Each structure stands twice: as structure tokens, then as C-alpha cells.
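Worksheet for the structure shown next.
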Amino acid sequence: MSERANKRVLVVANETVEGDVLHEAIGTTGAAEVHVVAPALNSRLRHWFSDEDEAQRVAQDRLSACLQRVREAGLDARGSVGDGDPFQALSDALRFFPADEIVIATHPEGRSHWLARHLVERAR
């Protein structure tokens, strides 16, 4: 049985979820199964007023487009909308999708709130 036959890759991405770079990276992982988590990011004001609907809808739209591309590339792909905190979304996903590898797709340094909040280091 090949390594690809069992390799499970968890992807956490928001705005970058539809980008070509992410899809190329997923293709190079050798994944047999992919689970994509799109955190439902929200403004502080909307969060404070418990208005999560728009954040959920936007995350679901991005997730759907990403899953379609991953499936078109021939991979078994599923996904979910996750918590607005990307680290919590990652932790939650690992409870039901024990991944062999994690891909965190974010904007470059200087533009990424996730890097500023040390998401990659915390995930390690």
C-alpha cells in the first residue's frame, strides 16, 4: 500500500483558500484525503453583537469553491466552517480528522493576522 493511500492532510485557510498557490501545495502533499477548514472570521463588533451569520456564509462560500477545485484535481476532499479563531478551528478539526500533515494557508508576513498571532508556531 502506498503512502498516498493513507495520507490525510488538514488545510486551514481563509481568504487564501481559493488561491492557486494553496491548490498547488495541496497537490504536492501526496494526500489521499483532504479536510479543509475555513474559519468563520468576523469583525469584533459583529462578534460582540453575536452576529455570526455573514461570517458563516462567507466562509461556506469560500470553502465550497475550494472543495470543488480539490475534487476536480482528483482528491477525496471534505470540509467544514470552523471557529473564528483559526487555532481553535484547527484544534476542533483534529478531533475528528487525525491528520498526518497540516497546511496553514495565510497571507504573507506584514499582511497576515495569523502570522502576527503566531498561528504556525502554536500549531506546531
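The values are calculated or read from the model by the stated rules, or taken from the named source; none is laboratory data. These numbers were taken from a predicted model, which means no experiment stands behind them. As a convention, Cβ positions derive from the backbone with ideal geometry for all residues, glycine included, and neighbour counts pool all protein chains shown.
Annotations for the structure displayed:
- Test: residue in region 43-58 that is in a helix (DSSP H, G or I), at pLDDT 90 or above and surrounded by fewer than 16 Cβ atoms within 10 Å (Cβ to Cβ): no
- Ala40 falls short on exactly one of the conditions (1) at pLDDT 85 or above; (2) more than 12 Å from the chain's Cα centre (by Cα), and that condition is (2).
- Output for region 7-21, where each listed residue is modelled with pLDDT of 75 or more, closer than 21 Å to Asp92 by Cα and not in a strand (DSSP E or B): Lys7, Asn14
- In region 67-89, the residues that are in contact with an Asp or Glu (Cβ under 6 Å, 6 or more places away or on another chain) and part of a helix (DSSP H, G or I): Ala89
- All positions within region 61-80 that are surrounded by fewer than 19 Cβ atoms within 10 Å (Cβ to Cβ) and under 25 Å from His113 (Cα atoms): Asp61, Ser64, Ala65, Ser80
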